[in-house]
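The values are calculated or read from the model by the stated rules, or taken from the named source; none is laboratory data. All values reported here derive from a predicted model rather than from experimental measurement. Here the Cβ is made from the backbone with ideal geometry for all residues, glycine too, and neighbour counts use every protein chain on show. Only protein heavy atoms, including side chains, enter the accessible area calculation; ligands, DNA and RNA are left aside. Shrake-Rupley method; radii C 1.70, N 1.55, O 1.52, S 1.80 Å.
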Amino acid sequence: EISEIFTQSDYIKFLPIAENLKDAGAQIGLDDYGATDIEIDALDFFPLDFVKLDRSISISEEALKSSFHRKMISIANKRSLTLIAEGVEDNETINLLKSYGYRLVQGYYFHKPEKFIS
């Protein structure tokens, strides 16, 4: 996963490495999209397999209705890019995301994290 700390110039520098990783069979994903400095048009040319939508977008119906999100959905559909919604913690959010076509989510919906006790 490419972290949200990547800048646009980091993204461009990483492109040849990403292409080599893809050729070797790796999958490449972008974490916390919507909270990054990476422009949405970069999603169209970078060899990503999945994008995790930042929770600030995935849990807000207003953000899901935005032109930013519509453009992201369009690019994802054009490229067969898997979108994963982060921050899902309740059934209402699951149903909202299903209405936008999301099939994969990440969050505390099933179980909150616990401390490891040995």
Charge context of Pro47, other residues only, Cβ under 13 angstrom, K/R +1, D/E -1: -2
Interchain or long-range residues, amide H under 5 Å from Ile84's placed H: Val51, Lys52, Leu53
Karplus (6.51, -1.76, 1.60) ³J(HN,Hα), θ = phi - 60°, over segment 45-51, in Hz, Gly and Pro reported as x: 10, 7, x, 8, 9, 8, 10
Cut-off under 5 Å, modelled amide H: who pairs with Ile28 long-range: Asp49, Phe50
Rounded percent of accessible protein surface that carbon and sulfur make up, the chain, 1.4 Å probe: 50
Total formal charge among the other residues, if their Cβ is under 15 angstrom from that of Asn77, Lys/Arg +1 and Asp/Glu -1: +3
Per-peptide average of other Cβ atoms within 10 Å, ordering 21-32, 86-97 highest first: 86-97, 21-32
Which listed pairs, of Lys13/Lys98; Lys13/Lys52; Lys22/Lys78; Lys52/Lys115, have C-alpha distances above 27 Å, in listed order: Lys13/Lys98
Peptides 43-54, 100-111, 64-75 ordered by average Cβ neighbours within 10 Å, highest first: 43-54, 64-75, 100-111
Derived scalar couplings ³J(HN,Hα) [segment 16-28; Karplus, 6.51 cos²θ - 1.76 cosθ + 1.60; whole Hz; x for Gly, Pro]: x, 5, 4, 4, 5, 4, 4, 4, 7, x, 6, 9, 10
